[in-house]
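One structure is given below, encoded as structure tokens.
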Amino acid sequence: MTDSTREYEVAVVGGGPAGLTAALYTTRLAHDTVVLDRGGGRAAMMADTHNVVGVTEDVSGKEFLQTARRQVQHYGADYEREFVESAERRDDGRFTLGTNSGGFVADAVVLATGFNDARPDPPLPPTGRGLHWCLHCDAYMFVDRPVFVMGAGESAARVAMIMLNFTDEVDLLTRGDDPAWSDETDRQLRAHPIDIVESEVVGMEKDEDGWLAGFEFADGTFREYRGGFPMYGRTYNAGLADELGCERTEDGAVVVDDHGETSVDRVYAVGDLSPGHSQIPVAMGEGAKAGIDVHYTLRPFPRSLDQIDSEGEVGDEELPGISEKLREAAREFRAAGGD
């Protein structure tokens with residue numbers, strides 16, 4: 001172990017809603033925790049925050065994450081802007097995470113590295129101003145407005161049909177690609193009033209407010225849209241999970257149990273890296289469950305009967321089971337008016 005290696009009970013890789021919630025729980029449950037965050041991520045791109053009770057629409061993703069980071073640090077967790085390059089399990093069962101500036105050792109690891117949406121070729125409107133990645137978050141924004149869905153696969157066809165629940169003006173833009181959806185989906189799709197536009201997008205116009213106004217097509221037509229959804233798949237950021245030997249699903253997500261633990265003991269995957277809905281409240285719930293499960297695994301007390309037989313009874317000098325650093329953070333929190 002080098003001088004640049006730092007030790008923690010919990011290392012959270014990823015600083016999005018899932019990772020920060022996991023860190024919040026492990027820190028408040030008395031475990032020395034570090035968040036290793038390379039920055040960016042899907043939540044950071046949000047112009048507005050939707051579907052999060054208690055958070056108003058005018059809060060951007062960056063503001064949301066900044067508030068969450070301050071909360072986690074206030075309770076005593078460390079937050080480091082680091083890119084984790086490698087992960088391995090040591091002979092003693094702990095984990096070493098290699099970064100660009102050194103290394104971190106932890107008893108448990110929470111992976112919250114998410115996925116990247118596949119972006120179609122330009123021209124495209126700005127994310128959050130006509131280009132939207134989350135149907136469940138943003139479909140409400142297009143009630144009674146013209147909307148596009150971009151892609152030629154099963155997911156694009158399905159999302160186009162779903163958008164008819166919100167507006168009667170839905171176009172499916174294949175951009176010259178041959179449809180890859182099934183014959184059954186084709187029959188279903190053509191039974192819905194959706195225009196399938198095969199011509200490539202060659203230009204774009206914006207409104208004065210910066211939102212998309214519409215696309216120009218290679219066939220010379222112009223169609224008005226307020227916005228839409230590109231459906232070209234995703235790439236999971238699961239390199240660390242692979243290094244640690246975590247099992248993955250057929251589509252690439254990391255397999256987890258009901259508490260977020262992967263197929264590798266004391267390695268957790270939360271948020272967009274795990275299967276399920278890609279939603280901030282869902283990610284936060286997964287982070288909370290993982291944080292609680294980490295606590296059950298790492299907390300020193302109650303000492304089991306087997307441990308009592310091998311280690312002896314709990315002595316006063318071992319109490320409390322929380323580091324001095326976190327004890328001091330708790331004192332400062334109370335002094336500042338916290339409960």
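Going by what's in this entry, would residue 294 be described as within 26 Å of residue 12 (Cβ to Cβ), surrounded by 19 or more Cβ atoms within 10 Å (Cβ to Cβ) and touching a residue at least 24 places away in the same chain (Cβ under 8 Å)?
Yes, satisfied.
Do the conditions hold for residue 87, that is, is it at pLDDT 95 or above, part of a loop (DSSP other than H, G, I, E, B) and surrounded by 16 or more Cβ atoms within 10 Å (Cβ to Cβ)?
Working: at pLDDT 95 or above: yes; part of a loop (DSSP other than H, G, I, E, B): no; surrounded by 16 or more Cβ atoms within 10 Å (Cβ to Cβ): yes.
Criteria not met by residue 87.
Please find, among 26, 21, 5, the residue that is of a type in the set (S, T, N, Q) and either outside the structural domain of residue 105 (by TED's automatic domain parsing) or more than 30 Å from residue 136 (Cα to Cα) (or both).
5
Which of the residues spanning the stretch 12-46 are farther than 20 Å from residue 281 by Cα and among the aliphatic types (A, V, I, L, M)?
Within the stretch 12-46, 29, 30, 34, 36 qualify.
Taking the stretch 238-267 as the region of interest, how many residues are closer than 18 Å to residue 86 by Cβ and outside any loop (DSSP other than H, G, I, E, B)?
8
Any chance the stretch 62-80 includes a residue that's touching a Leu at 6+ places or on another chain (Cβ under 6 Å) and part of a strand (DSSP E or B)? Quick ask: steps written out before the conclusion?
Step one: of the stretch 62-80, the residues touching a Leu at 6+ places or on another chain (Cβ under 6 Å) are 68, 72, 76, 80.
Filter again for part of a strand (DSSP E or B), leaving 80.
Checked the stretch 62-80: at least one residue is touching a Leu at 6+ places or on another chain (Cβ under 6 Å) and part of a strand (DSSP E or B).
Look through the stretch 221-237, keep the residues that are in a strand (DSSP E or B) and aromatic (Phe, Trp, Tyr), and return whichever of them is farthest from residue 166 (Cα to Cα).
236
Return the residue satisfying two criteria in turn: it lies in the stretch 38-61 and is of a type in the set (Gly, Ala, Ser) and not in a helix (DSSP H, G or I), and of such residues it is farthest from the chain's Cα centre (by Cα).
Taking the candidates together, the pick is 54.
Looking at the stretch 138-152, which of the residues that are of a type outside the set (A, V, I, L, M, F, W, C), out of contact with any strand residue (DSSP E or B) (no Cβ under 6 Å at 6 or more places or on another chain) and buried (at least 17 other Cβ atoms within 10 Å of the Cβ) is modelled with the highest pLDDT?
151
The values are calculated or read from the model by the stated rules, or taken from the named source; none is laboratory data. Treat the numbers as computed from the prediction; the structure is a model and nothing was measured. Cβ sites come from the backbone with ideal geometry, for glycine too, and all protein chains shown count toward neighbours.
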